Structures are given as C-alpha cells and as structure tokens.
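Colleague: My structure is below; once you've seen it, I'll send some questions.
The values are calculated or read from the model by the stated rules, or taken from the named source; none is laboratory data. If you're wondering where the values come from, they're calculated on a predicted model, not measured in any experiment. Every residue, glycine among them, receives a Cβ derived from its backbone with ideal geometry; neighbour counts consider all protein chains shown.
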Amino acid sequence: MIIQRWKLSSFFILALFIFAQPAISQSKSQLKKKKAKIQQEIKKLNGLLGETRTNKRKSEIQLLILNKKIGARQELISAIANEVFYIDQEINKQKNQIDTLKAKLLELKDQYTKMVQFAYKNRNATNKLIFIFSSEDFNQAYKRLKYIHEIAEYRVYQSEQIKLSTEKIEQKIIELEEKKQKKLSLKQNKKAEFNRLQNEQEERQEVYVELRKDEKKLRSNLAKKRSESKKLQAAIKKIIEREIAEAKKRAEKSNGTIGLTPKAKKLSKDFISNKGKLPWPVKKGVVSGKFGNQKHAVYEHLTTINNGIDILTNKGTRARTVFKGKIAAIIVLPGGKKAILIQHGEFFTMYSNLDKVLVSKGDEVDTQEEIATIMTDENGKTEVHFEIWQGNQKQNPSFWIAPK
C-alpha cells in the first residue's frame, strides 16, 4: 500500500511538470508578434519623419506621420501592459505550482521516513527469516521474500525521486526569478515608451500650432490639389471610356460593361480572385490618405475627397504594379508630375505623383514590375497616389490590397 501511494505521488509530481505550460502561451506568442510588428512600424515611421525634417518648415505630412507614430506608440504601450499581465499570471501560477510541489514533496518525505523506520525495526536478519518461515505455504513464503526485496529496492528509488523532485523545484524557483526580472524590465520599457509618447505629443502640438498660423496658404494648397485631382480624374475617365468603347466594338456588345476577349475575361477573373491579396504598389510604406471623404488634419471643417489611397514611402522608391496588365496611358500633369494607367481586363489601376517613368504605352507588365520613380516634393514627402477602377466605377483600394 505504501509503495502504491508512493507511485501515485511520484506520478503527480511528474504530471505537474509535464502539464505546467501556461494555457495562455499561444496568446502570449501572438502578443509578441504584434509587439514586434508595431515596433517595426514605428521604426519605419521614424525613417519617414526623418526625411521630412530635412526641411525646417513644418508640414502637414509631419503632422500625419506624428499622428500615426502616436497611435502606434499607444498600441505598443498597450501590448507591453498585456505582456506584463500575462507574466503576472505565469508568476502566480508558478508560485502555486511550487507550493503544491513542496507540499507533495513533504508528504513523500514523510512516507519515506516511515518506510526507513519500518526497515530499521525489521533490520535484524532473524526477524526477516522468522517472517519468511512463518508462512503457511511455500507460495506465501516466496511472496514475503519478494516483498522484502521490493521494499529495499523501492527505498533507493524513493531517495532518487526525492532528490530529482527537489532539483525540479529549485529549477522552478530559478525560472520564477527570471520571470520577475522580465516583468521588471517590461515595466521599465513601458515607462520609457510613455516618455517617448509624451515627447511625440508635444512635437505634434508644436507642428499643429505652426500649421494653424497660415490657413490662407493651406487653403491655397488644398485648392491646387483639388484642381490637379479633377484634371486627373477627367483624363482617367476619358481614357477608360475610350477603352470601353473600343472593347465594345471588338466584342459587339452594348450592355454597359467592357466587351472582353477570352484573354481579358480571364485577366478580370484572376484580378477579382486576388481581391484582398494584391501586393502593395510600393515595397514598403504606410497609408497616408484613405479612400473617400476625409477631414483635414488641421482644419476639421475642411474636407477632401480621395478617389484612391495615398501611400507614404522613402525617397527614391519606385512604384510597382499590383497585377499583370497592359499600360493603357501615361498622363503628364501640371508641374511635371506623371500618372500611369494600367488595364487588367475590365479593371484599371492608376499610379500618380510619379517622376521618372520606366515603361511606355502599350507595354505588357507583370505583377510587381517597377514602372516609375515616385516624386519627392519640397517638404521631403515621397507619396504615391493609387486608384482601382472597375470599368468607370471607382473602388476602394484598401479592400483589394493585402493587409500589412
């Protein structure tokens, strides 16, 4: 009976160590990935902000980047707080495990002591012989002899298990201390991130106040952008309508959609099947302007209409295609800016605010092929404008490109 209890106790200790992994390990892993992603985003924004600071004049793009940085920093602080919470859970769980293991080990030691005392009382060889020879038959004598041997062997096993369990508890205590140090480090990290957040908020306020001083100039810039956008939209519509008309003639259709050849139909189908998975029109960047009606960053009573999305990137970056297709047009805008329209069956993608163009009208292009260098303005801003059209209907590009 003693041996059986000992086996159960030993198994209990082993089970505690095997199944001691926190149930939240998967969530913790996801949290670490999220934290790393946010840190990478902040690093990217720092690089973009550094490029805009080459010009001492405050700009709207600086305000936009700072807003994104502050948002990312707040997410990072939240992620660190969650990580501290998980570590607290692990610390408490580990403390409970150690307490349970210690209590169980104490019980095992007590059983071992009783077994040693029993063995000591029956250490005399005569007593053992009497115990064996007083058996009723040979079978019982054999069982008693075997029992004496098992007691001796199991006493050695008990001693080894106590030593092993003690070592495991000591290891758990070391791990516990490591977790406490990790928690302390995270709390210090969180404090440092709070300080950075405060500095960024102060810088944002400084830029905001500076920009508020010259509403007249800001309105003038906004009017200029609206005028450029209208001219670009008119040019795109004209080109798309021309392509639709030519396609209708080729396919002898008049149902309001592009008449497509089998090749163009397949291209359209492939384009649709990649919705939400299309690559970005730049290798790396951040969305600086969303699709649709947007409030101005400085004057909320002013609104702008964005027919696509804007992506802020690094100086010298080249725009690349999001899908294979044919160059339908290269449009030159006032000020030397250029735009490229690419046809993908019934779909069109448009890339503007370009400088040096690397393709020609009629060229067949592959997915992620570089087509032009993106222009950098006097404020150090390198931003590509990207649109998706289905026939003459504008689409929200955010629904089509892959999330980052």
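Colleague: I'd like to check which strands (runs of 3 or more DSSP E) are fully inside region 365-404 and have at least 1 residues that are closer than 18 Å to residue 338 by Cβ and in the same structural domain as residue 289 (by TED's automatic domain parsing). Lay out the reasoning, then the answer.
Modeller: Values: elements: 370-374, 382-390, 393-395.
Output list reads 370-374, 382-390.
Colleague: For region 235-318, list the strands (runs of 3 or more DSSP E) that sit wholly inside it and hold at least 2 residues that are at pLDDT below 85 and more than 20 Å from residue 343 (Cα to Cα); which are they?
Modeller: 292-295, 303-306
Colleague: Inside region 269-318, can you point out the residues that are closer than 23 Å to residue 226 by Cα, surrounded by fewer than 17 Cβ atoms within 10 Å (Cβ to Cβ) and of a type in the set (Ser, Thr, Tyr)?
Modeller: Of everything in region 269-318, those that are closer than 23 Å to residue 226 by Cα, surrounded by fewer than 17 Cβ atoms within 10 Å (Cβ to Cβ) and of a type in the set (Ser, Thr, Tyr) turn out to be 299, 303, 304.
Colleague: Condition check: part of a loop (DSSP other than H, G, I, E, B), buried (at least 23 other Cβ atoms within 10 Å of the Cβ) and assigned by TED's automatic domain parsing to the domain that holds residue 231. Does residue 322 satisfy that?
Modeller: So residue 322 fits the description; yes.
Colleague: Of the residues 164, 145, which is modelled with pLDDT of 65 or more and surrounded by 10 or more Cβ atoms within 10 Å (Cβ to Cβ)? So that I can check it myself, show each step before the final result.
Modeller: Working: 145 fails: modelled with pLDDT of 65 or more.
So the residue among 164, 145 that is modelled with pLDDT of 65 or more and surrounded by 10 or more Cβ atoms within 10 Å (Cβ to Cβ) is 164.
Colleague: Looking at (1) of a type outside the set (A, V, I, L, M); (2) buried (at least 16 other Cβ atoms within 10 Å of the Cβ); (3) within 25 Å of residue 277 (Cβ to Cβ); (4) over 34 Å from the mean Cα position of the chain (by Cα), which one does residue 338 not meet, given that it meets all the others?
Modeller: Among (1) of a type outside the set (A, V, I, L, M); (2) buried (at least 16 other Cβ atoms within 10 Å of the Cβ); (3) within 25 Å of residue 277 (Cβ to Cβ); (4) over 34 Å from the mean Cα position of the chain (by Cα), the lone unmet condition for residue 338 is (3).
Colleague: Being surrounded by fewer than 18 Cβ atoms within 10 Å (Cβ to Cβ) and among the hydrophobic types (A, V, I, L, M, F, W, C) is the filter; apply it to region 99-109 and report the residue that is nearest to residue 172 (Cα to Cα).
Modeller: The extreme case among them is 103.
Colleague: Does region 361-404 hold any residues that are modelled with pLDDT under 95 and of a type in the set (Gly, Ala, Ser), and which are they?
Modeller: 362, 380, 391, 402
Colleague: Residues to consider are 96, 92, 127; find the one that is at pLDDT below 80 and part of a helix (DSSP H, G or I).
Modeller: Criteria check complete, one pass: 127.
Colleague: Right, next: Could you list, in sequence order, all residues of region 316-374 that are touching a residue at least 24 places away in the same chain (Cβ under 8 Å) and among the basic types (Lys, Arg)?
Modeller: 318, 320, 324, 326, 337, 338, 361
Colleague: Restricting attention to region 45-77, report how many residues are of a type in the set (D, E, K, R) and at pLDDT 85 or above.
Modeller: Here the count works out to 4.
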